[in-house]
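First up is the structure itself, then whatever we jot down about it.
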Amino acid sequence: MSAKEPKFCVVQTTIDDEAGAERIARALLAAKLAACIQIFPIRSFYQWNGETRADPEFLVQAKARTEDFQALAAAIRAAHSYEVPEILRLDVSAGDPAYLDWAARATARDAAAR
């Protein structure tokens, strides 16, 4: 990847229902803040307000430009139902060049870059 090419990350969040996961996915795609989003049903074990919890959730993983993380996190918070949503950025150190090229085009917000 050259200096001009964007760097990528995977941003993940969890939410308690599939409709909420889809709402987040569609908002990120519409804003071109993510190239691809995957949703997985999971079971989460965690501490909340002094209580150990075990709940079904949906894991939402978005492939995005690292430079867009703050905007992406704000979009997740705006569409999320949790008081404190999980929003984690996992930087991509390497990837298939063809996939990263596609992701760059999918997240380009100016016509010349597409």
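The values are calculated or read from the model by the stated rules, or taken from the named source; none is laboratory data. Predicted, not measured: the structure shown is a model, and the values here were computed from it. Here the Cβ positions follow ideal geometry from the backbone for every residue, glycine too, while neighbour counts run over all protein chains shown.
Name the residues in segment 59-87 that are touching a Ser or Thr at 6+ places or on another chain (Cβ under 9 Å) and either in a strand (DSSP E or B) or loosely packed, with under 12 Cβ neighbours inside 10 Å (or both), would you?
59, 60, 61, 62, 63, 64, 65, listed by residue number.
Exactly one condition in (1) out of contact with any strand residue (DSSP E or B) (no Cβ under 9 Å at 6 or more places or on another chain); (2) surrounded by fewer than 16 Cβ atoms within 10 Å (Cβ to Cβ) is not met by residue 38; state its number.
Of everything listed in (1) out of contact with any strand residue (DSSP E or B) (no Cβ under 9 Å at 6 or more places or on another chain); (2) surrounded by fewer than 16 Cβ atoms within 10 Å (Cβ to Cβ), residue 38 misses just condition (1).
Of the residues that sit in segment 1-51 and are without any contact (Cβ under 8 Å) to a residue 40 or more places away in the chain, basic (Lys, Arg) and outside any strand (DSSP E or B), which one is nearest to residue 63 (Cα to Cα)?
So the residue we want is 26.
Could you tell me which numbered condition residue 58 fails, if it satisfies all but one of (1) touching a Phe, Trp or Tyr at 6+ places or on another chain (Cβ under 8 Å); (2) at pLDDT below 95?
So the condition that residue 58 fails would be (2).
So, residue 90, is that one in contact (Cβ under 8 Å) with a residue 60 or more places away in the chain, under 24 Å from residue 103 (Cα atoms), assigned to a strand (DSSP E or B) and touching a strand residue (DSSP E or B) at 6+ places or on another chain (Cβ under 6 Å) or not?
yes
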